[in-house]
Amino acid sequence: MSEILKNKIAYIYSDDLVTHCDKLPAMKNRASIVHDLVRNYNLLSQENIVVVKPRDATEDELKSFHSSDYIDLLKSLNSFDTSLDNIEDNHLEFGLGYDNVIIENVFDFASCLVGSSVSAARLLAAKKCKTVINWFGGWHHAQRDSAAGFCYVNDIVIAIQIMSKFFDKIIYVDLDIHHGDGVQNAFEYSSKILTLSFHKYSQGFFPNTGNIDDIGQSQGKYYTMNIPLKDGVCDKTYVDIFNEVFSMVIENFKAEALVVQCGGDGLIEDPLGQCNLTLKGLGECINKILKSDLPTLFLGGGGYNFPNTARLWAYLTSLILKTDLSNDIPDT
Ligand code: ZLV
Ligand code: CA
Ligand code: ZN
């Protein structure tokens, strides 16, 4: 196995994973649109990529970050009849309702989703691959005890916990236009995991956290970094700030690995983000990250203009593979 994967970029995919993600109410069919575009650009038949089928996460893996109470609740709701309007206060207490309605087979979804990033993290930890892509992961808002902001479980935190057993210091970069609050909260006391989120910070914009003076706590003070941005931020501002901050962090922190959440909701025409980033701008950030030449896990995240999100992740895949996208645009 390891010889086959050596020097290859792993692309995490399974039919189950896409089927589950396609059912998410805020992102209906987005996973299929993304995967179809990546596949139809022939990116998965490049010689330096290997498609890896992930395994489901175990209950212990889910509980390595989430509370037993929360995971046990998800398990008990696995066969919940979603056609009935019987949400209880208990569900709302765990964030299930509003942004995170109870979905069919919610526990199966959670183990499949977390399994995808756990499998990715294990490939990196075992040094089988230096770069892994999981466009179906990246759910940065889920908290230890609750769902939040369309995120039911935090695959990112669990992946970083696994990687941190093998890499002494890790940088988490969050390019999604929302603040990566769930990941930040998980590691705000740690000096080994530096979290760096770029996000829109304006009145009423979810989750309303991530001010510049939010810098971590106790041993973790200065290892939480937040870059709040104004509504409507454009490429020039975003990329200039990114380049300056990322260079400074790479030079000073001496990380051994990176985890990058590549949410596409900062793109122009995104209905939630309402900002003005382009593929070129986010691509420049990814190229800068690639130049650091560290073992890296690339994850998805937000992105509510589905065709544009698919364009972004297909383009980022081509940058990671160091191949040009064909001028023949796939029908998909
Ligand atoms: O892209 O919501 O503003 C990663 C990610 O970062 C809120 N939620 C919550 C807080 C109080 N509100 C009200 C709840 C609203 C529930 C329904 C919507 C319905 C239709 C269209 C848009 C929304 C919506 N919800 C827009 N923004 C929200 C945020 C959550 C944003 C999550 C971003 C997730 C995947
Ligand atoms: Ca962010
Ligand atoms: Zn977002």
Inset, instruction - Loop only per DSSP, at most 14 neighbouring Cβ atoms within 10 Å: give me the trypsin sites (Lys or Arg not before Pro) in the range 251-332, ordered by residue number. - result: LYS254, LYS322
Inset, instruction - Pick out, in residue order, every one of the trypsin sites (Lys or Arg not before Pro) in the range 35-102 that is DSSP loop and has at most 16 other C-beta atoms within 10 Å; say none if there are none. - result: ARG55
Inset, instruction - Select from ASN40, ASN208, ASN252 the residue whose mean-square fluctuation is largest in a Gaussian network model of the chain (Cα-Cα springs shorter than 10 Å). - result: ASN252
Legend entry - Label-point separation, ARG55 to ASN29 (7 Å along Cα→Cβ), nm: 3.5 nm
Inset, instruction - Would you please classify the overall shape of the range 1-135 from the alpha carbon gyration tensor, given that a ≥ b ≥ c denote the square roots of the eigenvalues, rounded means a/c under 1.5, and beyond that prolate means a/b larger than b/c while oblate covers the rest? - result: oblate
Legend entry - P(r), alpha carbons of the chain - 20 Å bins starting at zero, rounded %: 34, 61, 5
Legend entry - Placed amide H near VAL51: partners under 5 Å, 5+ positions off or other chain: TYR11
Inset, instruction - Filter the cross-link list LYS169/LYS230; LYS200/LYS254; LYS75/LYS280; LYS230/LYS254 down to pairs whose alpha-carbon distance in this structure exceeds 32 Å. - result: LYS75/LYS280
Inset, instruction - Please state the charge dipole magnitude for the range 196-332, taken about the Cα centre, from unit charges on C-beta atoms (+1 on K and R, -1 on D and E), reported in debye and rounded to the nearest 20. - result: 220 debye
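Once you have a ≥ b ≥ c as the square roots of the Cα gyration tensor eigenvalues for the range 104-176, tell me rounded if a/c is under 1.5, and otherwise prolate or oblate according to whether a/b is larger than b/c.
Prolate.
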Inset, instruction - Mind checking which aspartates and glutamates have their Cα closer than 12 Å to the Cα of LYS8? Skip sequence neighbours fewer than 8 apart in that chain. - result: GLU47
Legend entry - Filtered GluC sites (Glu not before Pro), the range 1-83: DSSP coil and at most 14 other beta carbons within 10 Å: GLU47
Legend entry - Lys, Arg +1 and Asp, Glu -1 on Cβ, resulting dipole of the chain about Cα centre, debye, nearest 20: 1360 debye
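Dipole magnitude of the range 21-118 about its Cα centre, charges +1 at Lys/Arg Cβ and -1 at Asp/Glu Cβ only, in debye to the nearest 20?
Dipole of the range 21-118, to the nearest 20 debye: 600 debye.
Quick one: net charge around GLN46, please, counting Lys, Arg +1 and Asp, Glu -1 for every other residue with C-beta under 15 Å from its C-beta.
Within the 15 Å Cβ shell, the charges total +1.
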Inset, instruction - Provide the gained length on full extension for the span ASN105 to THR237, in nm with one decimal, where the gain is 0.36 nm per separating residue minus the Cα-Cα distance. - result: 43.3 nm
Inset, instruction - Taking chymotrypsin sites (Phe, Trp or Tyr not before Pro) as candidate sites, keep only those in a DSSP loop with at most 14 other Cβ atoms within 10 Å, then name the longest stretch of the chain containing none of them. - result: 99-221
Legend entry - Theoretical FRET efficiency, 1/(1+(r/R0)^6), r = Cβ-Cβ of SER247 and GLU93, R0 51 Å, to 0.05: 0.75
Legend entry - Between the range 293-332 and the range 222-269, the Cα center-to-center distance that results, in Å: 18 Å
Inset, instruction - Pick out, from GLY281, LEU316, ASN252, the residue whose Cα sits farthest towards the positive end of the charge dipole of the range 239-332, with +1 on the Cβ of Lys and Arg and -1 on the Cβ of Asp and Glu. - result: ASN252
Legend entry - Per-residue [θ]222 nm for the chain (sum of -39500 (n - 2.57) over DSSP H runs n ≥ 4, rounded to 500): -11500 deg cm²/dmol
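None of the figures in this text is laboratory data; all of them are computed from the coordinates on show. The shown structure was predicted, so the numbers you read here are calculated from the model rather than taken from an experiment. Note that we place each Cβ from the backbone using ideal geometry, even for glycine, and neighbour counts take in every protein chain shown.
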